Protein chains: 2
Amino acid sequence: MTGTDTTPERAPGGASDAALAVSTVIFALRPHETTGRMTLWIPLVRRTRDPQKDLWALPGGWLPVDEELVSAAARTLGETTGLAPTYLEQLYTFGELERSPGRRVVSVVYWAMVQSAEAERAAENENVRWFVADELPLLAFDHNRIIDYALWRLRTKVEYAAIAHAFLGATFTLAELREVHEAVLQRHIDPANFRRTVEASGTVVATGEVVAGTRHRPPRLYRYDASIDLADRGPLGPESVPGTAASGAAAAVSAPSSPPSVPHTGEQR
Amino acid sequence: MTGTDTTPERAPGGASDAALAVSTVIFALRPHETTGRMTLWIPLVRRTRDPQKDLWALPGGWLPVDEELVSAAARTLGETTGLAPTYLEQLYTFGELERSPGRRVVSVVYWAMVQSAEAERAAENENVRWFVADELPLLAFDHNRIIDYALWRLRTKVEYAAIAHAFLGATFTLAELREVHEAVLQRHIDPANFRRTVEASGTVVATGEVVAGTRHRPPRLYRYDASIDLADRGPLGPESVPGTAASGAAAAVSAPSSPPSVPHTGEQR
DNA sequence: TCAAAAGTGTTCTCTGTACACCCATGA
DNA sequence: TCATGGGTGTACAGAGAACACTTTTGA
């Protein structure tokens with residue numbers, strides 16, 4: 001009765017169709033420039049062409065016909081920051097008629113996390129700059145709204161899923177992991193309760209090593225349990241990103257797949 | 001440095017670009033044909049053209065350049081079932097290179113709920129048929145996987161968000177609302193505890209009327225509190241669907257917008 | 001020996017669950 | 001009066017928050 005996916009009365013393929021773009025909201029944790037507290041930062045690129053020229057915008061580009069969505073997100077992310085994401089997930093697809101003046105643009109938006117340590121030595125030049133996530137200027141198109149949504153997604157997901165480690169290296173102390181949670185959620189977390197909660201979740205494994213050199217009791221080092229990690233991503237299974245070898249930790253990229261018939265923990269929402 | 005959204009080195013607009021489609025997973029509750037228990041049903045359309053001809057598929061179509069994504073979803077939904085959705089939300093965008101043979105197709109997929117009562121008198125013919133959601137045949141393209149993900153989304157969201165009422169009419173008893181939860185979650189729910197949980201959430205308001213004619217104590221009728229409803233959808237605000245006047249209840253369509261700076265309840269995840 | 005953070009123990013509150021029990025109606 | 005589901009009361013278990021307290025290091 002009605003045309004279904006890929007069987008229309010009228011086949012698309014002209015200049016009158018909507019243009020498909022991919023953009024990514026990239027998060028990293030770095031100290032705030034004035035307060036010194038750990039804060040969420042986002043790299044943006046300056047627009048050098050005309051719709052909205054000179055405004056800051058999310059990194060992205062048109063989708064090549066022969067490239068996966070997630071690959072396009074990872075590629076443009078790498079071209080901007082010179083880094084590989086440790087986490088990459090589709091956020092939402094924005095396609096309002098008037099979001100880009102003059103032309104219908106549908107943007108599949110991803111959000112990503114990169115490691116704090118590596119973000120320090122990230123490329124920054126005339127056309128690429130890092131901004132504090134909560135102190136953004138007026139951006140191009142609807143990118144302020146997109147980032148607001150990505151921020152909400154990051155903050156709510158950190159509360160129930162074990163993804164905070166994506167900001168850290170391969171091993172970390174529980175104090176470092178707690179600092180990530182506190183920076184993302186913008187509130188104090190009790191160290192004692194945080195320790196018990198994380199240990200009870202089973203998402204983290206002690207390496208047996210400790211960090212020496214502190215002027216207090218040496219903290220233990222932990223590593224992420226990758227086998228648990230998959231279950232924590234809920235219905236999302238791993239997906240490889242061709243041509244995106246992560247520098248350091250392996251990139252954890254998620255996309256929807258068949259949900260487990262029986263929930264593993266009670267964690268996925 | 002790199003082309004950003006809508007400012008590429010190469011502007012798209014040829015037949016070599018990916019085609020943009022919109023599809024919808026539609027849910028309704030109807031009694032199971034053999035067991036008689038309330039079950040999730042999904043309407044599918046038979047493919048009449050060649051990629052995957054004669055297989056059943058999700059209703060949808062190509063995105064017109066001058067139509068909103070959500071409107072395209074609502075329109076194709078109406079063309080299939082003859083009904084208006086009481087809930088409509090974007091699910092995910094699927095764009096794998098080989099998901100459709102011969103052509104690169106990117107599908108923005110929505111999921112919807114329609115009222116059970118109206119679904120009973122929904123159009124069903126040679127090319128449109130309702131299926132039990134958990135007993136699907138092999139479908140066209142990756143539609144089995146898409147429906148699995150939509151099912152997971154519906155079930156997890158019913159657990160924390162007040163959306164079950166979308167399967168019901170304007171007023172309903174708590175037993176009816178509980179029956180929706182039980183059918184969706186596929187498990188028994190204690191009536192006493194369910195009542196207290198729902199009443200405490202404040203998402204429902206007693207109309208003062210009761211249902212007579214039962215051979216037991218007459219149950220009270222409730223109505224949804226629309227003002228609370230918005231907060232329950234988390235970061236998602238209402239969005240109008242032009243040309244989709246709902247037959248009966250107003251359509252609740254959600255799309256992402258700025259998240260509230262302070263979470264209303266603890267409900268949105 | 002002292003400061004500081006790591007790590008442990010204890011208590012309290014809140015939420016969800018199980019289940020006993022009473023209420024109001026039609027047959 | 002009885003069967004049936006509507007509706008209320010209560011007690012128990014687990015999760016999370018608050019906070020006192022002990023441990024281990026470097027200075």
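Computed quantities for the displayed model
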| quantity | calculated |
| --- | --- |
| In the range A:73-86, the residues that are away from chain B (no Cβ under 14 Å) and surrounded by 23 or more Cβ atoms within 10 Å (Cβ to Cβ) | A:Pro85, A:Thr86 |
| Residues (at pLDDT 90 or above and open to solvent by 50 Å² or more (accessible area, probe 1.4 Å)) located in the range B:1-18 | none |
| Index of the failed condition, A:Glu68 passing every other in (1) within 15 Å of A:Asp134 (Cβ to Cβ); (2) acidic (Asp, Glu); (3) modelled with pLDDT of 95 or more | (1) |
| Residue ID - nearest to the chain's Cα centre (by Cα), chosen from residues in the range A:104-128 that are closer than 30 Å to B:Ser107 by Cβ and among the aliphatic types (A, V, I, L, M) | A:Ala112 |
| Selection count where residues are assigned to a strand (DSSP E or B), in contact with a strand residue (DSSP E or B) (Cβ under 7 Å, 6 or more places away or on another chain) and either within 6 Å of DNA strand D (Cβ to nearest atom) or not β-branched (Val, Ile, Thr) (or both), scope the range A:186-225 | 7 |
| A:Glu98 vs. criteria modelled with pLDDT of 95 or more and surrounded by fewer than 22 Cβ atoms within 10 Å (Cβ to Cβ) | no |
| Matching residues in the range A:92-135 - criterion: being of a type in the set (Val, Ile, Thr) and over 30 Å from B:Ala72 (Cβ atoms) | A:Val114, A:Val128, A:Val132 |
| Filter result (under 16 Å from B:Pro43 (Cα atoms) and in contact with a Ser or Thr (Cβ under 6 Å, 6 or more places away or on another chain)) within the range B:146-168 | B:Asp148, B:Phe167 |
| Residue that is nearest to A:Trp152 (Cα to Cα), among those in the range A:191-210 that are more than 8 Å from DNA strand C (Cβ to nearest atom) and open to solvent by 50 Å² or more (accessible area, probe 1.4 Å) | A:Thr197 |
| Test: A:Val114 is within 24 Å of A:Glu67 (Cα to Cα) and more than 9 Å from chain B (Cβ to nearest Cβ) | yes |
| Yes/no for B:Ala21 being farther than 30 Å from A:Pro43 by Cβ, at pLDDT 95 or above and within 7 Å of chain A (Cβ to nearest Cβ) | yes |
| Unique residue being surrounded by 12 or more Cβ atoms within 10 Å (Cβ to Cβ), within 14 Å of chain B (Cβ to nearest Cβ) and modelled with pLDDT under 95 when the list is A:Val253, A:Val262 | A:Val253 |
| Residue within the range B:69-84 that is in contact with a helix residue (DSSP H, G or I) (Cβ under 6 Å, 6 or more places away or on another chain) and closer than 22 Å to B:His32 by Cα present | yes |
| Among the candidates B:Asp66, B:Asp17, B:Asp50, B:Asp54, residue that is more than 21 Å from the chain's Cα centre (by Cα) and more than 23 Å from B:Ser100 (Cβ to Cβ) | B:Asp66 |
| Whichever residue in the range A:37-72 is open to solvent by 10 Å² or more (accessible area, probe 1.4 Å), closer than 30 Å to A:Leu168 by Cβ and part of a loop (DSSP other than H, G, I, E, B) and, among such residues, is nearest to the other protein chains (Cβ to nearest Cβ) | A:Glu68 |
| Residues located in the range B:159-190, provided they are more than 10 Å from DNA strand C (Cβ to nearest atom), open to solvent by 40 Å² or more (accessible area, probe 1.4 Å) and within 14 Å of another protein chain (Cβ to nearest Cβ) | B:Gln186 |
| Number of the exception - B:Thr156 against (1) at the interface with another protein chain (Cβ under 10 Å from one of its Cβ atoms); (2) without any contact (Cβ under 8 Å) to a residue 12 or more places away in the chain; (3) surrounded by fewer than 16 Cβ atoms within 10 Å (Cβ to Cβ) | (3) |
| Test: residue in the range A:212-220 that is among the hydrophobic types (A, V, I, L, M, F, W, C) and within 15 Å of the chain's Cα centre (by Cα) | no |
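The values are calculated or read from the model by the stated rules, or taken from the named source; none is laboratory data. Fair warning: this is a prediction, and the values are worked out from it, not measured in the lab. Note: ideal-geometry Cβ built from the backbone for every residue, glycine included; neighbour counts use all protein chains shown. Please note that ligands, DNA and RNA were not included when accessible areas were found on the heavy atoms of the full protein model with its side chains. Shrake-Rupley method; radii C 1.70, N 1.55, O 1.52, S 1.80 Å.
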